[in-house]
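Okay, structure first, notes after.
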Amino acid sequence: MTATVVLVHGAWHGAWCWDLVAAGLRERGTPVVAVDLPGHGDDQGPCTDLAGDVARVRGALDGVTGSAVLVGHSYGGMPIAAAAAHPTVAHTVFIAALCPIEGETAMTMATAEAAAANVDIRGRSNPGQYMTFDDNGMASLSAEGAKFLFYNDCDDELASWAVSRLRPQPMGNLQELPATIGWRDKPSTYAVCALDNIMHRDLQRVLAQRTTNSVEWHASHSPFLSNPEVVVDLLAGIAAGVD
């Protein structure tokens, strides 16, 4: 039986960002589930802390029959790193993602690993210049900033559609520790996105050394929109090869 691919989006996004990948996987006969983290996508409830995001992913895994390939994009690497302890998870995939080890928050991981590798974690820009914050620490991105940071290799129509779906992100989650790390004793893959404008490609290459396997794509931070075929190829291949 082909494993089910469980897709977890990054900050500001929702399950919608995986639409093209999910369609491609279904065409290949690969079961797929795309998760809305609390307060994102079509979920009209409030955002939660990292623990709440992990609980949402674990809930999706509870509904999987057989094995799962658990995929996280960007911030989505944080909740999947913990949720990968779920017994259904056979392989974990990080796409331009954070992949913490024990004792690391998103911020401490990024800063420590970047400093060790002499990498400017602002990538090719300063993301903060495009953000505004409300009184609850929720960050929103300008349309201009989102297009530059996330969708720099997408056509304008697709980028505008994606920007219209973004929701505010609680930035406090980046300073929270996962309660557990569940991915390190299972096979894992890292996909580096070489045209990324928000997560420096050299930092991604450093983090990729933590995983079992890695690939590198000539893509922005959002290959699921700009080049979904390569994402489908990778995930369908992994899902088909799970014992």
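For segment 214-232, state whether one or more residues are at pLDDT below 95 and closer than 25 Å to ASN126 by Cα. No: zero hits. Exactly one residue out of GLU157, GLU104 is surrounded by fewer than 18 Cβ atoms within 10 Å (Cβ to Cβ) and either at pLDDT 90 or above or closer than 22 Å to LEU50 by Cα (or both): that is GLU157.
The single condition among (1) under 15 Å from SER222 (Cβ atoms); (2) at pLDDT below 95; (3) loosely packed, with under 12 Cβ neighbours inside 10 Å that GLY123 does not meet is (3). For segment 38-55, state whether one or more residues are closer than 19 Å to ALA159 by Cα, among the hydrophobic types (A, V, I, L, M, F, W, C) and touching an Asp or Glu at 6+ places or on another chain (Cβ under 6 Å). The answer is no; no qualifying residue exists.
Listed conditions (1) in contact (Cβ under 8 Å) with a residue 60 or more places away in the chain; (2) within 15 Å of the chain's Cα centre (by Cα) are all met by ALA34, apart from (1).
Residues in segment 12-40 that are crowded, with 24+ Cβ neighbours inside 10 Å and not in a helix (DSSP H, G or I): HIS13, VAL35, LEU37, HIS40.
Are any residues in segment 41-91 assigned to a strand (DSSP E or B) and over 13 Å from the mean Cα position of the chain (by Cα), and if so, which ones? Give the steps one after another, and end with the answer.
Initial filter on segment 41-91 (assigned to a strand (DSSP E or B)): 68-73, 89-91.
Matches in segment 41-91: ALA68, VAL69, VAL89, ALA90, HIS91.
Each residue in segment 1-42 was checked for being over 27 Å from LEU174 (Cβ atoms) and charged (D, E, K, R), and 3 pass.
The values are calculated or read from the model by the stated rules, or taken from the named source; none is laboratory data. Since the structure is predicted, the reported quantities are computational estimates derived from the model, not experimental observations. Virtual Cβ from ideal backbone geometry, glycine too; neighbours counted across all protein chains shown.
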